[in-house]
Structure formats: structure tokens, C-alpha cells
Amino acid sequence: MPTANDVCQINFVDEERVGRAKKNMKPEITLFELADTFQVLGDATRVRILHALSMEELCVCDIAALIDATQSAISHQLRLLRAAKLVKFRKEGKMAYYSLDDDHIRNLFEEGLRHVEEK
């Protein structure tokens, strides 16, 4: 709940600041997609999977063993992560190995960790 110290004491809009911010705002669809990405990251199991994949390419069996979950549960989470373009997979024979989709995801994850670990 806002207090008197964290809200403006008068109603004044600085049109110049608002204009600069408006000019540089990303399109609404881009911001919705970003919100969707963060929503996918809002699940502890998916974050644990991303953490594991930030260190090593792994298959479903490996991930399930690592985080003590069923293969079915991991497959479900990986489908969501793939749909959000956070992870990708490659086939090697009968095996499917998962990794982070790209360095942007690695950087996003590492920045998030730095944020929560800073004291």
C-alpha cells in the first residue's frame, strides 16, 4: 500500500519526460511477449531445469534424476520452455538432448541470479 513518502504530493505530469519515454517504448505486443516469458520463468521447477541446462546439455532422464521429478513432469515443463523459446533440443539417435535456446537466455538467467544473490 502506498504511503505519503512514495507517491507524488501533487498531480503534475512532466510532458517532456513522458514524451521521451513514450517515444522509446517498445510495441505493446513485444512487451506482452516479454511478460509471457517472465510468466514461464515464474515456476520453480522450470527455473531449476533452466539452471541445470545453463551448466550442461541434458536429456529428460538426466533432468528428472537431477531434480528428483518424473520424466513425465519434466517433459511437460520442457514443452512449455520450448514453446517460450527458452530451451531447444537436438536428437542423437534415440536420445533428445536439451540446452538453453541461446546466449540471451543464459544472460537473462545469470542476471536474475545475480539480482537475487546480491546483498
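The values are calculated or read from the model by the stated rules, or taken from the named source; none is laboratory data. Just so we're clear, the structure is a prediction, and the values are computed from it rather than from any experiment. Glycine also receives a Cβ, built like all others from the backbone with ideal geometry; neighbour counts cover every protein chain displayed.
Filter the range 91-101 for residues that are in contact (Cβ under 8 Å) with a residue 12 or more places away in the chain and surrounded by fewer than 16 Cβ atoms within 10 Å (Cβ to Cβ); which is farthest from the chain's Cα centre (by Cα)?
Within the range 91-101, the first condition is being in contact (Cβ under 8 Å) with a residue 12 or more places away in the chain, and the residues that meet it are 95-101.
Filter once more, keeping what is surrounded by fewer than 16 Cβ atoms within 10 Å (Cβ to Cβ): 95-96.
Values: 95: 26, 96: 22 Å.
The residue in question is 95.
This table checks each residue for (1) free of Cβ contacts under 8 Å to residues at least 60 places away in the same chain; (2) of a type in the set (D, E, K, R); (3) in contact with a helix residue (DSSP H, G or I) (Cβ under 7 Å, 6 or more places away or on another chain).
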site	(1), (2), (3)
77	yes, no, yes
80	yes, no, yes
103	yes, yes, no
116	yes, no, no
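State whether the residues of the range 51-62 include one that is of a type in the set (D, E, K, R), within 24 Å of residue 36 (Cα to Cα) and surrounded by fewer than 17 Cβ atoms within 10 Å (Cβ to Cβ).
At the first step, the residues of the range 51-62 found to be of a type in the set (D, E, K, R) are 56-57, 62.
Next, from what is left, pick out any that are within 24 Å of residue 36 (Cα to Cα): none.
No, that holds for no residue.
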Inset, instruction - Scan the range 1-42 residue by residue and report those that are among the basic types (Lys, Arg) and farther than 30 Å from residue 87 by Cβ. - result: 17, 20, 22, 23
Inset, instruction - Can you run down the residue pairs with Cβ atoms below 7 Å, 6 or more apart or on separate chains, where the first is in the range 49-65 and within 20 Å of residue 102 (Cβ to Cβ) and the partner is among the basic types (Lys, Arg) and at pLDDT below 95? - result: 54/106
